[in-house]
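Scroll down for the structure; my scribbles are underneath it.
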Amino acid sequence: MGHRGRRSRKKKKKRTPESQTLCHESIFVELRRWLKERGFRSKLLIPAHFSDTGRGLMATSPIAANEMLISLPEQCLLTTSTVLRSYLGEYIKRWQPPVSPLLALCAFLIAERHAGSLSKWKPYIDVLPQTYTCPAYFTDDVISLLPTGLRTKALDQRERVWELHSSAVAFFASLQPLLHEPAETVFSHDALRWAWCSVNTRTVYMKHPQSPYLSTEKDNYALAPYLDLLNHCPQVQVTAGFNQASRCYEIRSVQGCRKFHQAFICYGPHDNQRLLLDYGFVAPGNPHSVVYVDLGTLKLCLDDRDKQLPQKFLFLKEHDFLMNLTFGLDGPSWRLMTALRLLSLKPEQYASWKTVLLGAAVSKDREEGATQAALKLCKILLEESSMALKRLSLLKEGADSYLTEELSVVEFLRREEQVILGHSQKLLCLQRQPLPCQPSSEQNQAG
């Protein structure tokens, strides 16, 4: 029994990611002291570094199912109400047109970071990342390595930050009386990008009443010090929200957590493209991961001699069948195969268009045509992914630590893409049997 016990412990240790407590580090000592002054005294979770996820929170004792994971008092939360009560409040209240809730929070973070040791929020500012791996930070070279649809969204994100900064230059200049340096230096584009990413990647959802001093954009932001050290895990379930009775932001763990293991939360059922875009990371083993098929790629697998293609695309668009066309580990999605079935129909099968959208199969040869188109899509996407990985490998040579981190996230996404497409190829080939089907070299590489 003893021998089996040792083997069991060894196996268990091998499966459990290594962790190292960070409690002794000065920034976390100061953060805990600062939070204690504001009413947070729980010692159930402590900061630690984990070999698989980096910085996170570790349970110091077992957490039962549906037990409270963390309860953060309202005084610890950074919201627009906090900003309006601060020294920035009078400047925001008299500015016209009113600034957005997002800009108000960004301006406060920048001002507090600039204040340094004089900042009342210094313990929190000190634990925030110095930079992020969100697309807002990506260069053109890195963005060009992303899948087509994500590339467009990444460019949009980067452009939104530029536009926000450009539109706020005059407001930032009005804050000059608070500063010892030129406002354009303190509230630079780099500073706003850092603050924007801090807010967008770390806030929890908390609905606030409409302020007459802010624009009419929705104000659902709340930065939650310490709580935002909790990492995302797609398999975890939690309940979260602001408790009006206790005046605390509370998170309960549905499954619970073992002692000395990392405590996780779930941001939602997001695929890795969404996680990279919104939070700047990817999740290994994400069951929600898919490969998206954009319209341009979809057209590459079709017979351009089909004169009905424009009408077919219009029909699919009218019925919302040109969005969310994907491949997953379980093969092409129902929406994708339905779109391909309709696009493969012959002119004399016009009457079948509507029934195809309801899931009907028209004929054996049209099913074969849709499957062939799906296989062609796999091949096109795999080739595109392989080319991106080759260019990524070249960029890695001589890259600094920041660029290496960005490239590693993109590389993970691309390799996951190859695995998904490889599985989809195998499943589609099985559907075509007994017809011969030779896996491509990209599939073998993905496997």
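Read-outs: derived from the displayed coordinates by stated rules, not from any lab. All of these numbers come straight from a predicted model, not from anything done at the bench. FYI the Cβ positions are ideal-geometry reconstructions off the backbone, even for glycines, and counts take in every protein chain you see.
Values for this structure:
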| read-out | value |
| --- | --- |
| Candidate aspartates and glutamates for bridging to Lys207, where Cα separation is under 19 Å - those fewer than 8 sequence places away on the same chain excluded | Glu74, Glu217, Asp219, Asp228, Glu250 |
| Residue with peak Gaussian network fluctuation, the chain [Cα springs, cutoff 10 Å], from His423, His232, His180 | His180 |
| Residue order, fewest to most beta carbons within 10 Å, for Val236, Val293 | Val236, Val293 |
| Cα gyration tensor shape of the chain, rounded if a/c is under 1.5, else prolate or oblate by comparing a/b with b/c | prolate |
| Contour excess over end-to-end distance, with Cα ends at Leu179 and Gln75 and 0.36 nm allotted per residue | 34.8 nm |
| Using alpha-carbon coordinates, inclination of helix 364-396 to the longest axis of the chain, degrees | 40 |
| C-alpha long axis of helix 334-343 to longest principal axis of the chain, angle in ° | 40 |
| Using alpha-carbon coordinates, inclination of helix 401-432 to the longest axis of the chain, degrees | 30 |
| Antiparallel bridges, percent of DSSP beta bridges restricted to the chain (to nearest 5) | 95 |
| Aspartates and glutamates whose Cα lies under 20 Å from that of Lys312, excluding same-chain neighbours fewer than 8 positions away | Asp294, Asp303, Asp304, Asp320, Glu348, Asp365, Glu367, Glu368 |
| Which listed pairs, of Lys346/Lys426; Lys307/Lys346; Lys299/Lys426, have C-alpha distances above 20 Å, in listed order | Lys346/Lys426; Lys299/Lys426 |
| Other-chain or far-sequence residues with amide H under 5 Å of Tyr221's (modelled H) | Met206 |
